[in-house]
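Participant: Structure in structure tokens, see below.
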């Protein structure tokens, strides 16, 4: 059972690793689809919770893989998931670094720089939609989302301070009976 | 490796070996553990620059900037990719492994503790309520980043169509990401190749 889950973690995260252009945000939608709908390891609510924790935690956002691994297969799950999310992309970076150094400014390189952008942006917004859909969609949540987005887009307020502030506000709202 | 380049230039070659230092694997490990511990809040890039270029001369400024661009374009978490690049330039494959380990290990330990706390606290309804709010802030960070990144894309129809098509296929229609990117990435690369401006100058 547990072995199957460890193998499943590799099958889910290793391909996502290679596809994680622009960092972890691009693969959130597929990560949710795989762990919730395809493999049934997590409920949509749990996924949304783990996403929130990964955003409140330090380190790269791809470490959500460690959280998911821990949730469904304990410590070994977290280690296997973390290795699966970092090793394939690292191998790509290793080979690309060697290639890059021999091609300082080529048409192919410029095409890669410009061509991956639109795909990464489309995936990034798809990931945002997946998270919004997996949580409760209430007026309070939509106001929270709109306010936070405006603050982060228009000001230089630190995302980590914002996450802390939002956590305190929601804790307070919970105490007064929201 | 670029010793043949820049010899005709009057200024000193930034790749010249005497200027750069080679760290021991232990030094690399300690430097990246320090970066990993202190980079709460995503400040890992300036920390890495300080450790690898300013405080220790493991690589040149130019190499660091090239690595930064690479780390963003390639798959994988940007700070982890950059750590791998610095480690690779400084000490080859073992250096790369050690730099990534040092970078990820502190955050990995913290996130495990939070995962443990989550398992203990999930019985309380307040946990889910607070986390839903935090998830909102997390999504907001993604949206704000996405909006800022989108303003830096090329302004043409192809770019908009590709981004929108990928969003609808994966986000709205819930098609698996793999087939979508297998179609979208070659299409997008081809569009970028055709519209490349440098090619006209023969570059």
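All of the numbers you see were taken from the coordinates with simple rules; none came from a lab. Just so we're clear, the structure is a prediction, and the values are computed from it rather than from any experiment. Positions of Cβ are generated from backbone atoms using ideal geometry, with glycine treated the same way; all protein chains shown enter the neighbour counts.
Participant: What distance in nm lies between label points placed 7 Å from Cα along the C-beta direction at residue B:61 and residue A:178?
Facilitator: Placing both labels 7 Å beyond Cα along the Cβ direction yields 4.7 nm.
Participant: Of all the Cα-Cα pairs you can form in region B:60-203, what percent are over 21 Å apart?
Facilitator: The share of Cα pairs beyond 21 Å in region B:60-203 comes to 66 percent.
Participant: Across peptide A:141-154, how many C-beta atoms of other chains are within 10 Å of each residue C-beta, on average?
Facilitator: 5
Participant: Still on this structure: Give, as ranges by residue number, the residues of region A:122-158 whose backbone N falls under 11 Å from the point 7 Å along Cα→Cβ of residue B:149.
Facilitator: A:122-128
Participant: If you rank B:48, A:141, B:103 by fewest surrounding Cβ atoms within 10 Å, what's the result?
Facilitator: So the residues, fewest neighbours to most, are A:141, B:48, B:103.
Participant: Just to confirm the number: angle between the C-alpha axis of helix A:2-19 and the first principal axis of chain A, 0 to 90 degrees, nearest 10?
Facilitator: For A:2-19 against chain A, the angle is about 70 degrees.
Participant: Now for a separate question. Using alpha carbons only, how many degrees (0 to 90, rounded to 10) separate the axis of helix A:139-154 from the longest principal axis of chain A?
Facilitator: Between helix and principal axis, roughly 50 degrees.
Participant: So how do A:153, B:124 line up by other beta-carbon neighbours within 10 Å, fewest first?
Facilitator: B:124, A:153
Participant: Between the helical axis of A:44-56 and the dominant principal axis of chain A, each derived from Cα atoms, what acute angle in degrees is found, rounded to the nearest 10?
Facilitator: 80
Participant: Per the helix-only calculation at 222 nm, which mean residue ellipticity applies to the protein assembly as shown, given -39500 (n - 2.57) for every DSSP H run of n ≥ 4 and division by its residues, nearest 500 deg cm²/dmol?
Facilitator: -24000 deg cm²/dmol
Participant: Just from the alpha-carbon atoms, what are the Rg and Dmax of the protein assembly as shown in angstroms?
Facilitator: For the protein assembly as shown, the Cα radius of gyration and maximum Cα-Cα distance read 21.2, 74 Å.
Participant: Over chain A, with a Gaussian network built from C-alpha contacts below 10 Å, which listed residue (A:80, A:151, A:18) shows the highest mean-square fluctuation?
Facilitator: In this elastic network of chain A, the residue with the biggest mean-square fluctuation among A:80, A:151, A:18 is A:151.
Participant: Let me ask something else. Given Cα pairs under 8 Å that are at least 6 residues apart, what percent is the relative contact order of chain B?
Facilitator: 16
Participant: Here is a further query. How shielded is B:151-160 by partner chains, expressed as the average number of their Cβ atoms within 10 Å of its Cβ atoms?
Facilitator: 2
Participant: Students often check this: by mean Cβ neighbours within 10 Å, which of B:152-162, B:177-187 ranks highest, and how do the rest follow?
Facilitator: B:177-187, B:152-162
Participant: Taking every pair of alpha-carbon atoms in region A:1-76, what share in percent sits in each 10 Å bin, from 0 to the bin with the longest distance?
Facilitator: 19, 58, 23, 0
Participant: Just rank A:79, A:131, fewest to most, by other beta-carbon atoms within 10 angstrom.
Facilitator: Arranged by neighbour count, lowest to highest, A:79, A:131 become A:79, A:131.
Participant: Give me a single rounded figure for A:160-173: the average over its residues of other chain Cβ atoms within 10 Å of their Cβ.
Facilitator: So the per-residue partner count for this stretch is 4.
Participant: Report Rg/Rh for region A:2-135, rounded to two decimals, where Rg is the Cα radius of gyration and Rh the Kirkwood radius.
Facilitator: Checking Rg against Rh, the ratio lands at 1.02.
Participant: Please give the Cα centre distance for region A:1-66 versus region A:79-127, rounded to the nearest Å.
Facilitator: Cα centroid to Cα centroid, the span is 19 Å.
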